[in-house]
Every structure is written in C-alpha cells, then in structure tokens.
Amino acid sequence: MAAQELDPSHLKFGVGQSVPRQEDPVLIRGEGRYTDDVNADGQLYAHFVRSPYAHGIIRGIDTVAAAAMPGVAAIYTGHDLGQYGTLKCVFDLPGRNGTKMLMPKRPSLPTDKVRFVGDPVAIVIAKTNEQARDAAEAVVLDIETLPALTTVEVATAKGAPLLYEDAPRNIILDYHYGDSDKVAAAFAKAAHVVRLPIHNNRVVVNSLEPRAALASYDKKAKRFTLNAPSQGVFGKRNLLAEILGVPKEDVRLITGHVGGSFGMKGSIFPEYVPLLHAARELGKPVKWTDIRSDSFVSDHHGRDMDVLAELALDKRGRFLATRFTGTANIGAYLSQVAPLMTTLNIAKNSIGMYRTPLIEVNTILAVTNTVPVAAYRGAGRPEGNYFMERLIDVAATQMGLDRVELRRRNMVTPDDMPWTTPAATTYDSGDFPGLFARALEAADWKGFPARKRESAKRGKLRGRGIGCYLEVTAAPASEMGGLRFNDDGTVTIVTGTLDYGQGHWSAFAQILHQKLAIPFESIKLLQGDSDQLIAGGGTGGSKSIMASGAAILEAGDLVIEKGKQIASFVLEAGIADLEFKNGRFTIAGTDRSIGIMELAAKMRDGRLNLPPEIPRTLNVETVFKHAPSAYPNGCHIAEVEIDPQTGRVAVVTYVMVNDFGTVVNPLLVEGQLHGGVLQGIGQALMEDTVYDEEGQLVAGSFMDYALPRADNAPPVFTFESRPVPTKTNPLGAKGCGEAGCAGSLPSVMNAIVDALSIYGVHHIDMPATPLKIWQAIHNGQQVAAE
C-alpha cells in the first residue's frame, strides 16, 4: 500500500490520530506484569558474587562456608560452566589496512581474571532471596590485584598491563573510514580549518526496571525457558541457544512488560547462562532480580568517547571535508554491539543535513577495567550530530559568519534529492532548509535580543543554541507480521519488535484498523514470546514502525486475499467481482456485502460448509523482508539561562521541528521526543560516570550520580512536525525514538557556550555542571582583568 493511501483523517483511530496508549490503563492500575512479577512453584533464588576489584588474577574462590549456610542449594563458578559458549559480539568491523578486529572471549563467569568492579564470578542459589544474598557475602575471593586501567590513555600507554594477552596495548580495533588522501588534500586547500577536542561523557543507563530473570528447565522436553526483559525475543533467543549449545527450538524466551531499556536490555548478559544451568542441574526454577547498586556496576554503560573533530571550509564557508580522530572506551569486554557506536555510526550520522563531500573517521577502540559499553539511546547517532553541530558553531565564530547562514548555505536541498553522501547513504526525501526556517520562526529567533536583555535584568546570562540533526536508522531486519482472529472476537497482531515504553500497541492497532477497519478496541498485540514468532528483528535503531508497520500492512493484504476467497463462497460471487473497502467485502456494483468481522464470526461458529479449496481461517503469517534505512531529521533550538554566581543552568525554552515522515500517532511521537530530549539534557548538564584510580565507580548510586528530574525540563516543549514521507517503506515513516537525544545534545551545549561567550568561552565539555561553568566564568573574568 502506497504511503499516500494511508491518510483518511476522518478515521478516529486511523493513521495520523493522537490515540492514547492502550497500555496505560493496565500500568496505571498496577496490573503490569514485569519479569519480577513472574513466579513459579518451588522456585529458588539466585544472587551473584561480583568482583570488588577492577583488575586481578583469580587465584581461588572459596565457597565452603557459604555452601553450608541455611537454605543454600548450590554455588557455581566458571569452572562449572565449561560446557557452554561465550557471549557474542555481532559486529566484526574491518580495521585499518585490512586488519581484523580482535574478539576476546567472554565466558559468563570468568576463571582467569576479573576485569572490572562488578564482574560476576559466582552464583549462589538458595531457598530465599535473603539466604542467597547472605551466602554470597560469605564467598571468599582470592584475587591477585593488578593495576586498574580506567581510561583509554592509561590503557594504551606503553607498558600498561594487558586485559587480554592477544590484545597489544589493549587495542581491540583500529578503525578507519574514508579516503585519507582526498581528505588531507581538502584540508590543505581549505581557507579555514576548525579543530575541536570533544569529550562524550560516559553515562549509566538507569532504566526504571532493573534486570531480572526466571530460568526453568523441562527435563522431559529437554527445553530451557527464560523469562527476562529484552528488546525483542526472537534474535535474543537464537543467540542464547548458540551460547547454550542447543538447537534454538530448545530455548524459549518470554518478555512481559519492560520498564525501560534504551538499548541496554537488548544484549545477552552473563547472568543468563548460570541461571539456566542452575535450573537444569537443580530441577527447579531459579529467579534473580538485580539490586540497584549492582545495576550500576553490571548493566552496560553508554557513550564514552574522546574525539578531535575537524572541519575544513572554503573562503565562503562551504564545507570541504570533516575528519574525526578519536578513542573509544568500550569497557572490559566486547558487548554485543560494542564497535558500532563510535565507528560506522559516527561516519553515517555526523554528515547530518549538509553537503559535506568528504569524511574520514579514525577510532581506536580499547578495553579498560570499566563496565562494558553498549548501545544507549541513539548509539552513535546523537554523538555524530553533536560533533558536527559544535564544529559549525565554532567555525561561525572563528570566521565571523552568522551560524544560521553557515548552516543554510551548506544544507542539502529538496532539488538535490536523492543525495548520496560520502558514507554511502542516500537521502531520498526531506526539506532541510524549509524545516530549518520553520524552527527559527517557531523559536522566535529574531526576538532573542529582547529576551536576553530581560534575563540580564535578573542577573542571568542567556544563550541560544541550534541542534540540527539527521539520523540514519537501523535497516529493518526481517520482521513477522501475523494476524490471528480469536475465538472471543478479537484480533491479535503478532510481530517481533518489542515495546519497552514506546506504545507499540496503539500505533500498530491504528495501522491495522485503517487497513482492515477492524474495531480498534478489538485489537491485541503479541510480541514477547519466541515460541509464537517466525521472525523478529527486535526494537532498536528507530526502526519498529517501519518494520512491524510494513509487516502488518503486508499481513493485511494476505487477509484480504483469503477473505475474498471465503466471501466469494458466502456471497456466491466470483473473486474478481469482489471489492474490499472500509472493512467490507462487496460485490462490485451491488449492495450485497459482508464485513470482515462478520465473516470471521461465521467461520468460528462453524456455519460455513466450505469446499476444500477455500481457506479455513483468516489467520495469516508473513515475513516482511528488509527495507533500507530511513533518515529522520529535524532542528531543535534551546535557550538557557545561567546564574553566574552559581553556574547553574536552566533550559528555559525548547523548540523542536521534526520530519519523521508519516506520523502514525502524533501523541506518542511527541512523548518519545520529550523523553529523549530530557535524557539529552541529563547527559549535557549532569550525568557522568566517574571512576577512581583503583577502578571503583565513585558515582555508583543515586546519591552520587545525578539524573535529570522534572525541574530540569524546560517549562514548555514546543513540538511541531513537518513531515516529508520517505519512499523506502510502505508507510512512509522514518522513525523517531532516538531523535530527542540527537537534537538536545547540540542545542543545549551550543546555547550554554553562547551564553558564556562574553567571557571568551568557545567550548565546554559535557556535562556542563555548575562547578565547570562557574570555573569557566571565573577564568574568563581573570583573563579579562589581566
């Protein structure tokens, strides 16, 4: 179905309508079913023993006293898990000059060394959770400590101890993208070159729901079942089966409600295999729920990159080339997607809306004695856009150009489409100059001087910042589209993406309602049971609506095809004479028809004596094949006030104009943007993961790690859509889940620098804490005085 056919605005629950989330009443009433809410008869409880040291050789693990404690059923270490495989990194990127990326193996429980504080080394199983925790504290670790390496600079220094013997200088990958000679030539002929060191601070994900699991084993069927939060059960089940060394049919993964993930819960974590092993060995289900203090040191962290960003411009301010040379701290182990964020996603996403002809990315990925880093909302997309937008503002200042005009003269225009970038991506749609102009108008850009004067009267500094962004979404993997007409008169959508806060139920139901006119309130959604899926790409990379939405449309076409065959028998008409519209099969040119739900009811009641060649059900299953990436884009404009006495920053206005293509549910999209923007504000202003020299996480609790609160949000979000539907998928949608971070990081940081520019400040790194800002003001005042 073409994108333009999906716009009957008169449909109350159709595409484009702000339908409230179907999930909310259940959650608000406290009826949600998260993993920790799941229990099984006779279940035991698990607690993990984690390393208190950042780096050391395991000389022994004494479990004798712990095993004798009340209620303890078993204690397992890595030596008990030798039959299983290691955790997998699914990206194997080529290195510079054809060198290969190193793939250090990570067993679920290490037997040789511990490599970060929080590394799990043993699992204790007991009758109660309290007994398991008490016994875990009695396990004695004999670890010969080694120097802790918490930064890339320290880890790659000459003579630094190695985390892995086969990783010289602790380097996993020396990544290179681009034509170095052409880029060097562009910089050599440039009229102006901007060079800006930028730090992208590490963050702790801190999802509302901690990780948890309930593991069980059916000895008769020889089958594992794991209840655990995820971002999609199909692919995760397959990876888990590979690690367990069993056929994928012998593993079932079930995910209920998920209390946030932001990329983190998409991975296989080391706790799963020991839990499943214990369930098989003990013949009883085993339950584990993480505690927040352990989450800080065991959930994957996000971001953490240092880069020298460079931009070459001609004398008119036209971009000639960009070059990003940096280091990435990937933590102690390769997570499932560890190499992606700081390499390929920088190359693809730093280009943004601009006609930059050349790009080069050089990244050293190094292991350190810190928590492994994985995807965090955007996974390289916000970083790439942030680097570019900071370069543009600095270039405008250094060249004496207007930052608005500098962006405008370098933007790809609609007439340029399709536009192929130096990262081998092709923009198929968008009106970047038009969207940019609307954002400036909505933000009252011209009225800023008056607002700045008003702030000054109150003793505040005021600044404004632009954050233009364009993201390259993950290309949708094969995705299931299943439709089941149930005995109770409802219809269930079955698909392999997974809702962990996005609101899939409502959005997917809107697509199906518009396609087949099935009553909105009669539509259900099934995503979280691997036994029910034939394919599934999971949720991530802002692709769910493109993948599952297209699969639902494809399934709807199959239902119409089957329905026509059945309706032809009921109406005694030829299939070619039937039309389907507004949920009814009608004989063309007559008033004889039957509704799709009425037809389903007749089939359930057994009132139809169908001939053999006619389908017995309207149920369908299909797999939508890959669609290309899409390119959501937008412009966010933030204004901040800074108290020069304290350095405290307040985001006082925030305007965002976005192009997400076809917007299925504006209410849900705006909600996604609110959340993403506030996460970006958190990283920009306060969040920072601090380690001491011994590798201890100093910011390891909510007493020490600052998260954004309601009073850190702007008083009002101004949200507008300016969609240009994409041609790359049947819905015309572009994805929106990560855009809030991509727009907020540069807009907020550019606004802060703008406010501080009177003190000669041209850059400040995230997080822009009150102390850091106060110091910048104080230093600027000192320089001025001298």
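The values are calculated or read from the model by the stated rules, or taken from the named source; none is laboratory data. In this text the structure is predicted, and so the values were computed from the model without any measurement. Positions of Cβ are backbone-derived with ideal geometry, glycine not excepted, and every protein chain shown enters the neighbour counts. Accessible surface is based on the protein model in full, side chains and every heavy atom, while ligands, DNA and RNA are left aside. Shrake-Rupley method; radii C 1.70, N 1.55, O 1.52, S 1.80 Å.
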Is it the case that Pro725 is open to solvent by 40 Å² or more (accessible area, probe 1.4 Å), part of a loop (DSSP other than H, G, I, E, B) and modelled with pLDDT of 95 or more?
-> yes
Could you tell me whether Gly352 is open to solvent by less than 10 Å² (accessible area, probe 1.4 Å), modelled with pLDDT of 95 or more and closer than 30 Å to Leu253 by Cβ?
-> no
Among Val677, Val690, Val698, which is among the hydrophobic types (A, V, I, L, M, F, W, C) and surrounded by 22 or more Cβ atoms within 10 Å (Cβ to Cβ)?
-> Val677
Scope the stretch 215-231; condition open to solvent by 10 Å² or more (accessible area, probe 1.4 Å), closer than 17 Å to Thr255 by Cβ and of a type outside the set (Ser, Thr, Tyr); matching residues | Asn227, Gln231
Take Asp134 and decide whether it is within 21 Å of Pro372 (Cα to Cα) and of a type in the set (Asp, Glu).
-> no
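Scan the stretch 627-641 and give yes if some residue there is within 24 Å of Gly489 (Cα to Cα), touching a strand residue (DSSP E or B) at 6+ places or on another chain (Cβ under 8 Å), in a loop (DSSP other than H, G, I, E, B) and not aromatic (Phe, Trp, Tyr), otherwise no.
no
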For Val570, all conditions in the list (1) modelled with pLDDT under 95; (2) open to solvent by 30 Å² or more (accessible area, probe 1.4 Å); (3) out of contact with any strand residue (DSSP E or B) (no Cβ under 8 Å at 6 or more places or on another chain) hold save one; what is the number of the exception?
-> (3)
How about the stretch 190-226: which of its residues are closer than 24 Å to Tyr691 by Cα and over 21 Å from the mean Cα position of the chain (by Cα)?
-> Pro197, Ile198
Residues in the stretch 62-81 that are out of contact with any Pro (no Cβ under 9 Å at 6 or more places or on another chain) and part of a helix (DSSP H, G or I) total 5
When restricted to Ser747, Ser757, the only residue modelled with pLDDT of 95 or more, surrounded by fewer than 24 Cβ atoms within 10 Å (Cβ to Cβ) and polar (S, T, N, Q) is Ser757
Are any of the residues in the stretch 583-593 open to solvent by 20 Å² or more (accessible area, probe 1.4 Å), in contact (Cβ under 8 Å) with a residue 12 or more places away in the chain, assigned to a helix (DSSP H, G or I) and in contact with a helix residue (DSSP H, G or I) (Cβ under 9 Å, 6 or more places away or on another chain)?
-> no
Scan Glu561, Glu572 and give me the residue that is part of a helix (DSSP H, G or I) and not β-branched (Val, Ile, Thr).
-> Glu561
So is Ala155 small (Gly, Ala, Ser), open to solvent by less than 20 Å² (accessible area, probe 1.4 Å) and under 16 Å from Ile330 (Cα atoms) or not?
-> yes
Within the stretch 463-486, count every residue that is of a type outside the set (Asp, Glu) and either free of Cβ contacts under 8 Å to residues at least 12 places away in the same chain or open to solvent by less than 10 Å² (accessible area, probe 1.4 Å) (or both).
-> 14
Given the conditions (1) open to solvent by less than 20 Å² (accessible area, probe 1.4 Å); (2) modelled with pLDDT under 95, every one holds for Val651 apart from (2)
Check on Leu163, surrounded by fewer than 21 Cβ atoms within 10 Å (Cβ to Cβ) and of a type in the set (A, V, I, L, M, F, W, C) | no
The residue that is surrounded by the most Cβ atoms within 10 Å (Cβ to Cβ), considering only those in the stretch 232-246 that are closer than 16 Å to Thr35 by Cβ and either touching a Ser or Thr at 6+ places or on another chain (Cβ under 7 Å) or touching a residue at least 40 places away in the same chain (Cβ under 8 Å) (or both), is Gly232
So how many residues does the stretch 701-712 have that are free of Cβ contacts under 8 Å to residues at least 60 places away in the same chain and either surrounded by fewer than 16 Cβ atoms within 10 Å (Cβ to Cβ) or among the acidic types (Asp, Glu) (or both)?
-> 5
Looking at the stretch 322-333, is at least one residue closer than 30 Å to Lys265 by Cα, of a type in the set (Phe, Trp, Tyr), at pLDDT 95 or above and surrounded by 24 or more Cβ atoms within 10 Å (Cβ to Cβ)?
-> yes
